[in-house]
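The values are calculated or read from the model by the stated rules, or taken from the named source; none is laboratory data. Keep in mind it's a predicted model, so treat the numbers as computed, not measured. We place every Cβ from the backbone using ideal geometry, glycine too, and count neighbours over all the protein chains shown.
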Amino acid sequence: WHHDTVSEVSRRIEVVAHRGSSEDAPEHSLAAYRKAIADGADALECDVRLTADGHLVCVHDRRVNRTSNGRGAVSALELAQLAELDFGSWKGPVGAEVPDAADPERSTVLTLERLLGLVAEADRPVGLAIETKHPTRWAGQVEERLLALLARHPVPGPVRVMSFSARSLSRVRRAAPQLETVYLMQFLLPRHRGGRLPAGNAVAGPSIRIIRRDPDYVARAHRAGHRVHVWTVDDPADVALCAKLGVDAVITNRPGTVRDQLAGL
Ligand code: G3P
Ligand code: CA
């Protein structure tokens with residue numbers, strides 16, 4: 001390792017597309033994930049929530065208000081109601097690109113099942129980093145449904161489950177010990193400062209804020225036997241910092257740009 005150049009090190013950093021190529025296309029849309037695959041992302045990040053009728057959809061917020069023309073909690077709406085909403089128009093055109101507002105791949109709510117289908121169709125193995133959102137309210141239903149879908153729709157690339165909830169991750173490992181789990185952290189609590197995670201988690205998922213304030217955290221987590229996946233790394237200075245520290249993955253809204261930067265280091 002110590003003989004490697006920065007470039008050799010940076011090439012090993014996995015680039016994970018946060019909600020797809022969500023700088024360019026509406027977050028969590030099929031279009032954003034297609035673009036992420038075209039941009040060369042190693043893996044796709046997505047947040048999953050349960051609808052009123054038990055489907056897992058890729059939506060970040062508890063409510064649909066920010067990212068669609070509808071209102072209300074995802075958990076109070078059925079999939080058919082969500083499918084009526086426009087999840088694309090809130091995101092205006094980027095640069096010279098004038099997207100077709102009516103393009104269903106930009107505007108239709110995405111189910112996890114469809115995303116698994118997209119990954120299975122890809123011309124190369126693409127990983128998945130699936131985040132369970134506020135799953136404790138649902139007493140295991142999110143994890144149960146997630147594992148059932150993964151069993152029914154196997155994908156060729158690696159699959160990891162991520163959460164801020166250690167309880168959700170231990171539920172996943174109990175039912176599917178082969179799946180790696182990523183323990184997400186917004187701030188570094190004193191008990192995690194030394195690099196150790198709640199037992200059973202393979203990967204640490206610190207925010208970039210943690211890394212900026214405490215760059216040595218990466219080395220401590222590595223010494224404790226964990227890989228380190230940092231979110232959300234869009235700023236070129238943050239990408240350079242992560243490369244210098246030898247993190248294992250960066251989770252970013254602009255996977256194409258970040259890949260290019262890492263290749264040039
Ligand atoms: O990849 C982890 C990151 O997505 C967690 O934060 O709010 O973007 O889901 P959030
Ligand atoms: Ca997320």
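Tally up the residues in region 37-77 that are among the acidic types (Asp, Glu) and either free of Cβ contacts under 8 Å to residues at least 24 places away in the same chain or in contact with a Ser or Thr (Cβ under 6 Å, 6 or more places away or on another chain) (or both), please. Within region 37-77, residues that are among the acidic types (Asp, Glu) and either free of Cβ contacts under 8 Å to residues at least 24 places away in the same chain or in contact with a Ser or Thr (Cβ under 6 Å, 6 or more places away or on another chain) (or both) number 2. Residue count for region 127-144 under the criterion of being more than 14 Å from ligand 2 (Cβ to nearest atom) and either within 19 Å of His18 (Cβ to Cβ) or more than 18 Å from the chain's Cα centre (by Cα) (or both): the result is 8. On the basis of being without any contact (Cβ under 8 Å) to a residue 12 or more places away in the chain and over 17 Å from the mean Cα position of the chain (by Cα), does Leu189 make the cut? So Leu189 fits the description; yes. Answer yes or no as to whether His226 is closer than 18 Å to Ile13 by Cβ, buried (at least 16 other Cβ atoms within 10 Å of the Cβ) and away from ligand 1 (no atom under 16 Å from the Cβ). No; evaluated as a whole, the condition is false for this residue.
Restricting region 168-184 to residues that are surrounded by fewer than 18 Cβ atoms within 10 Å (Cβ to Cβ) and touching a helix residue (DSSP H, G or I) at 6+ places or on another chain (Cβ under 8 Å), which is farthest from Trp231 (Cα to Cα)? Ranking the qualifying residues of region 168-184, first place goes to Ala175.
Considering region 142-167, the residues that are without any contact (Cβ under 8 Å) to a residue 24 or more places away in the chain and aliphatic (A, V, I, L, M) include one that is surrounded by the fewest Cβ atoms within 10 Å (Cβ to Cβ), namely Ala151.
Within region 107-123, the set of residues being farther than 17 Å from Arg19 by Cβ and either without any contact (Cβ under 8 Å) to a residue 60 or more places away in the chain or aromatic (Phe, Trp, Tyr) (or both) comprises Glu113, Gly117, Ala120, Glu121, Asp123.
When Leu265 is tested against (1) modelled with pLDDT of 95 or more; (2) within 28 Å of Arg124 (Cβ to Cβ); (3) away from ligand 1 (no atom under 14 Å from the Cβ), exactly one condition is not met: (1). Taken over region 37-76, the criterion of being acidic (Asp, Glu) and part of a loop (DSSP other than H, G, I, E, B) is satisfied by Asp39, Asp42, Asp53, Asp61.
Looking across region 34-71, the residues that are surrounded by fewer than 16 Cβ atoms within 10 Å (Cβ to Cβ) and over 23 Å from Glu144 (Cα atoms) come down to Ala38, Asn65, Arg66, Asn69, Arg71. Within region 230-250, one or more residues are touching a helix residue (DSSP H, G or I) at 6+ places or on another chain (Cβ under 6 Å) and free of Cβ contacts under 8 Å to residues at least 24 places away in the same chain.
Residues in region 240-265 that are surrounded by fewer than 21 Cβ atoms within 10 Å (Cβ to Cβ) and either of a type in the set (A, V, I, L, M) or not in a helix (DSSP H, G or I) (or both): Ala240, Leu241, Leu245, Gly246, Asp248, Ala263, Leu265.
Looking only at region 120-154, residues that are in contact with a Leu (Cβ under 6 Å, 6 or more places away or on another chain) and among the β-branched types (Val, Ile, Thr) come to 1 in all.
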